[in-house]
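Each remark here refers to the structure printed beneath this line.
The values are calculated or read from the model by the stated rules, or taken from the named source; none is laboratory data. On a predicted model such as this, the values are computed, not experimentally measured, just so you know. Glycine also receives a Cβ, built like all others from the backbone with ideal geometry; neighbour counts cover every protein chain displayed. Just so you know, the surface numbers come from the protein's heavy atoms only, side chains and all, with ligands and any DNA or RNA stripped out. Shrake-Rupley method; radii C 1.70, N 1.55, O 1.52, S 1.80 Å.
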Amino acid sequence: MTFSLDSSIGQIYSHPAGRDVIDKILLQVGAPRAAVTNVIVRNLRLGALKYVSLGKLDNAFLQALIEVLNTRPDSVSEVVGEAAPAWWKEAVFYQIYPRSFQDSDGDGIGDLAGITSRLDYLVGLGVNALWLSPIYDSPNDDNGYDIRDYRAIMAEFGTLDDFENLVQQAHARGLRIVMDLVVNHTSDEHEWFQRALQGDPRYRDYYFFRPVTTPGRPPNNWVSFFSGPAWRYFPQIDQWALHLFSPKQMDLNWENPQVRQEVADIAKFWIDRGVDGFRLDVINYISKRPELPDGNPLIGQVIGFSGIEHYFYGPHLHEYLAQLNRTAFAPTGTFSVGETPGIGHQVGKLLTDPQRHELDLIFSFDHLETPGHVRMDDYRYDLNYLKHYFGEAQGEFSGQYWMSLFFENHDNPRMISKVNADPRYRKALGKLLGGILMTLRGTPFIYQGQELGLVNHDFGAIEELRDVESLNLYAELLKTDTAEEAFGKVLVGSRDHARTPMPWDGSAHAGFSTGTAWIKAPLSDAPADITVESQMGDQDSVLEFYRRLIALRRDSPDDLIYGPVEFLDAGVLDYWAYRRGKSVLVQMNLGEQQLPVDPEWQSAQIASRGRELLSSGADTAGVLAPYEFRITRI
Ligand code: GLC
């Protein structure tokens, strides 16, 4: 089908990308799906939206949407059959931010030998696979997400021998290793880029260089995710080059088959060294619409990043991923999870459909903020949204489909702090979030320190922040705000909250290092019970709760891993309940008030002599404590 302004909303909604866009709009305005499926709206022509929206949606906006639909696959396969068993569906993953996990040589920077020394802790926790944020040679403009040499280890982190030792020690303990593959861009210090600057035509075509048309004016209106235009001018060759992230992260031109071959070769290099999988950084951005046209101003205004419609779901994305899978992953059985900001459920299903052989899993981010909010907003996250979000997502990713489950990573503030910063609820919330991760259907990813219930760090001044995104945003805000206002705004969503050193024990540098940490250590003002040492063996701690949850999931695969999920809608605010498989009932209080448990539940439980498996509360019959999480065998 070819889409045009004459297509009906119903037709648009039948296309995966069209449906994702409309679902996103519905989510943001809080409208149910029925708003689109009703007959009148379904038959409305796309062009008519211009009038309905009082001119807010112009033709250019609608054309941008049509262009995406007309060049991408137009159907998602039906949910058929059951999920085929796979190690990565059964595993619990643990993300390590190497710079902040464990330092072994006293320079205040975490390293590979440090990680190796903590493997027994991770085995004890019960996790099965480690995802390491980038450890390659890098000038660290974006902490390793700007790679200078894909085949070398960052000097501060150690050597290739240290890496091989880590892999060997991990494998000996049954832990798998997943590396971060950052191939949407390279560092400007990468040899390819340097050779391009020196005029080597082969490498010129590895990137997006564009000539100057109007002096001082970038080739298009795209903006960078780290503030300012997405173009950097190189006077030595009088050309612009594209960078969606920092001016030191140059976008690779995946249209060039040599670039795709290089990426496959890099993956093979690490697979040969025993790596079990990859997390593919911003992988949905690799295919840009070749003419690099201007972004639609309205989309730019709404989403905040103009140009995004030309690359978030580019014309060759599926093709490039399938090729990478075919050449590097499939022959070696290598696992892949793609970071895919902006991708919705339908396109997510296309990307992970086992028949299509592109990716195993994706990370999408629609659950990290509640509708109408972005990461930098100062607001309280209402957990009732999760009930709504997962109610849909788990239904979409059922049958042969499989989803990732996570609340934290190195790019987001701590989840507990978003929900309720009152320290009285820290523990209960930490357990609740862990409980959700381990009992929904999908593969859980824990981010380092989450298992301790870590919260945001109380940074005191901009000088204490390290992240390029925070620092650039601060500079940008200073154009209109006072220093105090700007710092306050940056602090809300700063990625540095997740990047403070892992608090191992109560010693001088939290056991992280013998020297001063590269970023302010978390212990100075935090309660003493947030270290591994203080929580280990304390049955009431978040850490021990995680350990029990992980064991429970592992020991009940038919229910908690492969079992279907059935949501039990009691229609009560703050109450969330679901059944997993045949015999597990999960109940939660999503709010800070005590919640009476639905009497019907109560009697059903008593009748079936429900056996409490795990609860974060005092186990009071008839009520759930604030943020209580409870699993019962029924
Ligand atoms: C991803 C990474 C983030 C990085 C960006 C650019 O979003 O998770 O940390 O800054 O890509 O590589």
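What the table below lists for this structure:
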item: FRET efficiency for Ala60 and His357, using Cβ-Cβ distance with R0 set to 41 Å, rounded to 0.05; result: 0.70
item: Listed pairs Lys24/Lys431; Lys89/Lys427; Lys387/Lys427; Lys89/Lys349 exceeding 26 Å between Cα atoms; result: Lys24/Lys431; Lys89/Lys427
item: Rounded percent of accessible protein surface that carbon and sulfur make up, the chain, 1.4 Å probe; result: 53 percent
item: Peptide ranges 249-256, 503-510 listed from the most packed, as the mean C-beta count within 10 angstrom indicates; result: 249-256, 503-510
item: Computed over segment 28-161: relative contact order in percent, which uses C-alpha pairs under 8 Å that are six or more apart; result: 16 percent
item: Length-normalised contact order of segment 403-490 in % [C-alpha pairs under 8 Å, at least 6 apart]; result: 31 percent
item: Inter-probe distance in nm under a simple model that places probes 7 Å from Cα toward Cβ, at Ala551 and Arg33; result: 3.9 nm
item: Simple label model, 7 Å out from Cα along Cβ direction - Val302 to Phe365, nm; result: 1.8 nm
item: For the chain, calculated [θ]222 nm from helices alone, where every DSSP H run of n ≥ 4 adds -39500 (n - 2.57); result: -9000 deg cm²/dmol
item: Gyration tensor verdict on segment 61-136 (Cα atoms; rounded if a/c is under 1.5, prolate if a/b is larger than b/c, oblate otherwise); result: oblate
item: Local electrostatic count, Thr514, Cβ distance below 10 Å [Lys/Arg +1, Asp/Glu -1]; result: -3
item: P(r) histogram, all alpha-carbon pairs of segment 400-501 included - 10 Å bins from 0, percent; result: 15, 39, 28, 14, 3, 0
item: Size of electric dipole in the chain: Cβ of Lys, Arg +1 and of Asp, Glu -1, about Cα centre, debye, nearest 20; result: 1560 debye
item: Over segment 346-453, relative contact order from alpha-carbon pairs under 8 Å, at least 6 apart, %; result: 26 percent
item: Accessible area per residue, Å², the chain with all protein chains present, probe 1.4 Å; result: 38 Å²
item: Point-to-point label distance, Leu5-Arg375, nm (Cα→Cβ direction, 7 Å offset); result: 3.7 nm
item: Cβ-Cβ FRET estimate between Ala421 and Leu573, R0 fixed at 30 Å, reported to 0.05; result: 0.90
item: Euclidean distance of C-alpha centroids, segment 132-171 and segment 25-45, integer Å; result: 48 Å
item: Extension gain from Val212 to Asp540, taking 0.36 nm per residue of separation minus the Cα-Cα distance; result: 111.8 nm
item: Estimated FRET transfer efficiency (Asp161, Ala86; beta-carbon r; R0 41 Å; 0.05); result: 0.85
item: Three-way shape label, segment 526-599, alpha-carbon gyration tensor, a/c 1.5; result: oblate
item: Residue-span extension gain [Ala475 to Ser507] - 0.36 nm each, minus C-alpha spacing; result: 7.9 nm
item: Highest-first arrangement of 133-141, 329-337, where packing means the average Cβ count within 10 Å; result: 133-141, 329-337
item: Shape category assigned to segment 219-374 from the gyration tensor of Cα positions, a/c cut at 1.5; result: oblate
